[in-house]
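To start, the structure itself, in structure tokens.
Every read-out reported here was derived from the displayed coordinates using simple, explicitly stated rules and does not represent laboratory data. Since the structure is predicted, the reported quantities are computational estimates derived from the model, not experimental observations. Note: ideal-geometry Cβ built from the backbone for every residue, glycine included; neighbour counts use all protein chains shown.
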Amino acid sequence: DFENFTQAKVFINQNINKRTKGKIPGLFEELDRHNKLVLVDYMVFKGKWVYPFNSKFTEMETFHINKYRSVQVPMMFKADKINSTFDENLRCTVIKIPYKGNAYMLIVIPEKEGDYISIEDHLTTELVESWLGNMKTSKVDISFPKFKLEQKYKMKKLLHDLGIKKLFTRSADLSHLTDHEYVAVSQVVQKAVIEVDEEGTVATAASGSEITAFAMPRVIKVDRPFLFMIFEETFKTLLFIGRVVDPT
């Protein structure tokens, strides 16, 4: 009953909060009294590292956001066998940390602070596949920050740019969802929450590069902005992608 739109908002948010186990407590900030239908979709990914970080070794260390600013973050540590490669063209180290099951996280660490923007511009499926195909395994000491990201997106313009336009007009056919006539989608909202700690991850929502496999240095410290991707391996599905500039 959207006539009482305040009560409807509370009901929907409480339901989403319960189903995501508190990870998404307030998806909708407001609802319109003219709403007839709200479409809600969510995904929860809870990945446990195959070889967890030991929390006893987590210490506060410096993370360099850029040349002029740094912050103190909880830095996790472990010695492990890591699959990795180095992209000579984009000047970045790529490491792969597996989860239990058929998923893994790719971490892309630019050689210099700020270069993550250039890497994002060149990011393609072919590039990621070339990284994975050129990886070698070696034992390293890895330091990786704990972090939590939370972001909300309004998707209407993006979907419109992709050619999905009829859904937002009165000619949309939503008869399989509601008995109301002339119902259209007014907005699509997506919220993603990613949390990485010692045990694992909880998440709710240029071709032609020269790639070389190389012997990793003994120590890898992820102490500057980086990119990450979470993949499901069986079907090679990208579940999440993000950028960490400030882990605090």
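Of the trypsin sites (Lys or Arg not before Pro) in the range 40-104, the ones in a loop by DSSP (not H, G, I, E or B) with at most 14 other beta carbons within 10 Å are K67, R69, R91, K100. Here K154 is the anchor, and the lysines within straight C-alpha reach of less than 20 Å, apart from those fewer than 8 places off in the same chain, are K9, K23, K36, K165, K166, K191. Name the lysines eligible as straight-distance cross-link partners of K139: C-alpha to C-alpha under 29 Å, and not fewer than 8 places from it in the same chain. Candidates past the 8-residue exclusion: K46, K48, K56, K78, K81, K96, K100, K112, K148, K221, K236. For N54 and T248, the FRET efficiency from 1/(1 + (r/R0)^6), where r spans their Cβ atoms and R0 equals 22 Å, is about 0.50.
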